[in-house]
Amino acid sequence: MEIRELDWYQDFSCIGGDCPQTCCRGWIIPLTPEDIERLQSEHGTLGLRIFAAAGGWTRDNFNQRSRQCPFWNREGLCELQLKKGHAFIPDACQSYPRFYRNYGIFEQRTLDLSCVQAARMFTQHAGQISFHSAEGEPATILCSTNDDTEFLNDLIKVRDEMIGELVDICDLANSDGNDDEKEAGSEQRSELKPMDFLSSLDTLLARMFDFARDAQSASLGQDPDFTFRFPEAPHQIDNAFFPLSRVTLRKLLDSSLYHPNLAFSNPKLYELIQDAFHYIDSLPKHGIADTKPANEAGTSKQESVHPVRKIDHWVTDAESFLFRHPETMQLYTGYLTYYLHQYFLRIYETYSYRRQVALGIIHLNLLFLLDATYEKKHGSLSLEEFAEILAVYNRRAYFSDKIQDELYRIFEDAMI
Ligand code: SF4
């Protein structure tokens, strides 16, 4: 079978005890029947500890309360692995953060960004997320019963068009022009860049959601004239997609994404969300448009700014954040590109166009809010900090259908 592998997939190596956000905390660890058979064969003190960790074998998992794995030791290492080797630990721990999807005609391999080290690697490669192909044995079974390869190829074509445009935005955000131009108008150019970035990304996300809406209707037989292609312009711009309004962001944060138990299972994210709540709640209730005419709202290019942006103080802060950290623009387009590679083809399995595209938009916006809030509080945002925020966010937001369903419902309500 063709194996499509992320170019830096093989470079991954776990940093073990040096990891600032170990995956041995905050997860329920599922055990396969093969894991259980292997683990049950262990006797002595270690066998007793395994027996206790699995609730006397009343459960097929470890760490049911998502706190700290009972085999995680003071040096931040796995005692099962230290004593018995890598092949002995549960399958989920052996493969993490490797992420496989077997579509029948090819298997795609990526690294999941909920791992801090994978997220660090992402920050180094965000401007060029590419794959190479080779023949090989798939690591996993089919992820779908769908065998309509024409549909799969249509999805890949549209996905790659979206990614191509994200790369264009990324290039635009990074184009500095020649040095003479920079000397002549450096202030004006750098002021314009974040705004252009927001505007371009907002329009692209609107088109992505338009595609999803149209394709969803067509899949339900409501649009016989639908042609499977990425629209060149949004149908109409009634809502802001990037950044989402602070009202929508507040509702998204106040979903199951946030839970008091996070203080134990994912304390870094717990603090980030609390800070984001405080930040949003501290914003003036009245928008800029309520107090100033639009042409005095602090920008020189108001015509290109989405109407919702003019009345949201959060958007002004978002622009300022990008102005101070222009390097993050490439990280955000890269983040969405990565999402599309990893998750867009779920549509092949579920036909949930709207949900799949909406979740990409939601995750991008929430990560952006957490970064901007963090930077406002600490006065800096290094690549290392960006990677850590990304990892703890993805760890919470990507692996629960309940959380994702709720986020999606809030987003859809906001789009009405
Ligand atoms: S999160 Fe990644 S780097 Fe950290 S311990 Fe787990 S696999 Fe290793």
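Brief remarks on what is shown
- Failed criterion for residue 46 (all others in (1) farther than 24 Å from residue 139 by Cβ; (2) crowded, with 17+ Cβ neighbours inside 10 Å hold): (2)
- Taking the criterion of being more than 13 Å from the chain's Cα centre (by Cα), more than 18 Å from residue 266 (Cα to Cα) and within 10 Å of the ligand (Cβ to nearest atom), the only residue of the range 105-120 that qualifies is 120.
- Qualifying residue in the range 58-70 (condition: more than 19 Å from residue 91 (Cβ to Cβ), touching a strand residue (DSSP E or B) at 6+ places or on another chain (Cβ under 7 Å) and polar (S, T, N, Q)): yes
- Among the residues of the range 33-82, just one is closer than 26 Å to residue 14 by Cα and hydroxyl-bearing (Ser, Thr, Tyr), namely 66.
- Checked against the criterion of being of a type in the set (A, V, I, L, M), on the phi < 0 side of the Ramachandran plot, within 16 Å of the ligand (Cβ to nearest atom) and touching a residue at least 24 places away in the same chain (Cβ under 8 Å), the candidates 372, 358, 387, 414 yield just one match: 387.
- Filtered residues of the range 65-75 (kept if among the small types (Gly, Ala, Ser) and more than 26 Å from the chain's Cα centre (by Cα)): none
- Evaluated against (1) touching a residue at least 60 places away in the same chain (Cβ under 8 Å); (2) buried (at least 16 other Cβ atoms within 10 Å of the Cβ); (3) not β-branched (Val, Ile, Thr), residue 131 falls short on exactly one condition, (2).
- Residue 143 vs. criteria under 25 Å from the mean Cα position of the chain (by Cα) and within 16 Å of the ligand (Cβ to nearest atom): no
- Total residues in the range 87-107, condition assigned to a loop (DSSP other than H, G, I, E, B) and loosely packed, with under 14 Cβ neighbours inside 10 Å: 1
- Taking the range 382-416 as the range and being within 12 Å of the chain's Cα centre (by Cα) and of a type in the set (Val, Ile, Thr) as the test, the residues that pass are 389, 392.
- Of all the numbered requirements in (1) surrounded by fewer than 16 Cβ atoms within 10 Å (Cβ to Cβ); (2) outside any helix (DSSP H, G or I), residue 110 misses one, and that requirement is (1).
Taken together, the values in this text are just the output of simple stated rules run on the coordinates, not laboratory data. Just so it is clear, the model here is predicted, and its values are computed rather than measured. We place every Cβ from the backbone using ideal geometry, glycine too, and count neighbours over all the protein chains shown.
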